[in-house]
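Worksheet: one structure, shown below.
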Amino acid sequence: MGIKRRDVQSSLAEMDRKLRELQRELAMVSRPSNQAAPTAPARADADPAPAPAPAPKAPNTVADAEAEAQAIVADARAEAARIVEEAAAGVAAIAGQIEEFQRLREELQRSATALIEEYERALRRAPPPGGAPEAEAASVPPTSPLALQQEQPQPPMPPPVPPDASGRQFEGQLVINVGPFTDIATLGTFEQALTQLPQTEDVYVRGFEGNRALVDLKLNGPVPLLDELCRALPFDLSLVEIGYGRITIDVELPREAPH
């Protein structure tokens with residue numbers, strides 16, 4: 001529960017204003033009258049003047065003002081006591097939150113320590129690298145079918161069969177991974193052959209990967225790409241891989257005759 005400084009200052013200013021008003025009222029009531037009523041000159045032959053009537057009693061204004069002042073002071077003390085109680089309650093609430101945060105921090109520290117200790121125990125129980133396979137191999141009898149199967153060499157995996165490129169047509173946007181190239185002139189010849197295809201709209205060499213090039217090709221219609229390139233180029237091409245919007249072509253340059 002927060003106590004706003006603006007509220008406290010406003011209450012004190014209101015109390016000060018009321019006290020100043022009471023002081024002005026008290027000063028006006030207690031101020032003596034400096035003007036006396038004029039008296040007629042005495043005459044020797046005149047009858048004696050009757051005794052003056054007693055002055056009417058002034059209302060108890062001073063007592064009322066003092067009572068009001070005491071009431072204002074009592075209200076001020078009550079308001080100050082309320083503000084102090086609210087401030088104390090707010091401080092107690094904040095202290096409780098701080099204690100709760102400290103308790104949570106201690107619990108987190110204990111949990112983290114327990115996890116670290118459990119991890120260290122698991123590492124100590126784990127077998128050394130390479131120990132488990134040797135134990136499993138020792139448990140298998142050498143004459144069992146499983147041991148005989150493990151001893152037999154496995155035949156090598158056959159190489160992947162390249163996709164059939166004969167008569168295969170391509171269209172739209174393609175990225176061609178082509179190479180290897182030994183010089184820039186051979187790459188220029190390949191790029192020129194792509195430009196001269198009947199459905200070619202755009203050809204752009206975007207970059208290189210080692211001695212291979214990445215070429216962007218846009219075709220407006222279906223084209224038997226490999227067949228057309230093989231007819232136009234002085235070297236052989238082989239289609240290695242076909243992906244979504246991407247193909248890989250290997251260039252097989254003729255070997256130079258030894259000098």
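A short reminder: the numbers here are calculations on the coordinates, not readings from a lab. The structure presented is a predicted model; accordingly, all values stated were derived computationally and were not measured. Quick reminder, even Gly has a Cβ in these numbers, built from the backbone with ideal geometry, and neighbours come from all protein chains shown.
What full-extension length gain, to one decimal in nm, is calculated for L123 and V84 as 0.36 nm per residue of separation minus the Cα-Cα distance?
8.1 nm
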Under the 7 Å Cα-to-Cβ spin-label approximation, V205 and L115 lie apart by a distance in nanometres of 5.4
Based on the mean of other Cβ atoms within 10 Å per residue, sort peptides 174-185, 15-26, 99-110 so the most packed one is first. 174-185, 15-26, 99-110
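Would you mind classifying the range 170-252 by shape? Square roots of the alpha carbon gyration tensor eigenvalues, ordered a ≥ b ≥ c; an a/c under 1.5 is rounded, otherwise it is prolate if a/b is larger than b/c and oblate if not. Display every interim value, and only then the final one.
Numbers: a/c = 1.42, a/b = 1.26, b/c = 1.13.
Rounded shape, in that the Cα axes give a/c under 1.5.
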